[in-house]
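**Q** This is the structure, below, for whatever I ask next.
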Amino acid sequence: MVSDLASAYAACQRMARDHYENFPVASWLMPRAMRPHVAAVYAFARAADDFADEGSLAAERRIELLDGWNTRLHDAVAGRNAAPPRADEPAGAIQIFQALANTIAEMSLPVGLFEDLLSAFRQDVTVCRYASWRELLDYCRRSANPVGRLVLRIAGYHDDRFDGWSDAICSALQLTNFWQDLSIDTRRGRWYLPKDTPLRDAFIRTRQLFELGQPLCDAVGGRLRYELRAVWLGGTRILDRLHAGDCDPFAHRPTLRAGDAVWFAWRFCAWPPSPRLRRPAPDAPEIPRPRAAP
């Protein structure tokens, strides 16, 4: 049984390594004991996000897959035997939930945060436009903020201040991903920029969220603070590149490059970062918080 669980976590860690992400996922910067648990959370979310984005499937089928993923979640938490993976589910579905069930139990993670993630992925299937910042940030509340809170719980932090800082960073990362993916999303018929918002104003609002969350990178202890600094620096690097007009996001997707390594090394040594782009964003809504855990 121990060897089966180790194999399940290894499969989740391979998924985290093999999928390209802008920001480190359970990297060597993170405390070793946290990495398998964070990888299990990532594998759950990555597979569900892939269901929502699978454009070759009808919307109804994608919703069915997400509902099935929710059933697997609750079966795993309740200790019920998992059904064999269906043809359109990941081959490692059983291993993902074997690892995740152990992580949820061992780390006392709120199941409601996983349900929030799934509700956001369902929304991806049915909603392609956002009329206001409040609507968009409510989506971020469910699509991104739960991940940060889960990482904090895995690290042993249960602090409202930390949660607020984490929410700001996670929302900023989600928004940065939207602005980074404009060339891809417009081809898919998706448009996340709220109505009547100039793109540069969206960059400024996003940068303000990064600034609001930055204290978290110093508040946590140990190796986790270096992981969070890397995440924060990666997100702001891409956002600043977009804001400076170094690339056309409608023509191609900007990414971090090998040449950014020198910049990262310099910023790590010069931490904390200097605040930038302080122009206020009028009528910016507060960050919606995840619902209370059951």
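Readers should treat all values here as calculations from the given coordinates under stated rules, not as data from a laboratory. Not measured: the values here are computed from a predicted model. Here the Cβ positions follow ideal geometry from the backbone for every residue, glycine too, while neighbour counts run over all protein chains shown.
**Q** Quick one: divide the alpha-carbon radius of gyration of the chain by 2.2 N^0.38 Å and tell me what you get.
**A** Values: Rg = 18.7 Å, N = 294, 2.2 N^0.38 = 19.1 Å.
Cα Rg divided by the expected 2.2 N^0.38 Å: 0.98.
**Q** Between Ala251 and Ser119, what length in nm is gained on full extension when 0.36 nm per residue of separation is reduced by their alpha carbon distance? Let's see the in-between values first.
**A** Details: separation 132, 0.36 × 132 = 47.52 nm, distance 3.07 nm.
Residue separation times 0.36 nm, minus the Cα-Cα distance, leaves 44.5 nm.
**Q** Among Ser119, Cys12, Ala59, whose Cα lies farthest out toward the positive end of the dipole of region 1-126, if unit charges sit on the beta carbon of Lys, Arg (+1) and Asp, Glu (-1)?
**A** Value computed over the given set: Cys12.
**Q** Using helices alone, what [θ] at 222 nm do you get for the chain, with -39,500 (n - 2.57) per DSSP H run of 4 or more residues, divided over all residues and rounded to the nearest 500? Numbers along the way, then the final one.
**A** Details: 13 runs with 184 residues, N = 294.
It comes out at -20000 deg cm²/dmol, rounded to the nearest 500.
**Q** Viscosity 1.002 mPa s, temperature 20 °C: give me the Stokes-Einstein translational D for region 1-126 in µm²/s, with Rh taken as the Kirkwood radius over C-alpha pairs.
**A** On the way: Rh = 14.8 Å.
It comes out at roughly 144 µm²/s.
**Q** Another question about this same structure. Please report the Cα spread of region 128-287 along all three principal axes, rounded to whole Å, starting with the longest.
**A** Result, largest extent first: 42, 35, 29 Å.
**Q** Also, I was wondering about something else. May I ask you to compute the full-extension gain from Ala78 to Asp240, defined as 0.36 nm times their residue separation minus their alpha-carbon distance, rounded to one decimal in nm?
**A** Working: separation 162, 0.36 × 162 = 58.32 nm, distance 4.50 nm.
That works out to 53.8 nm of additional length.
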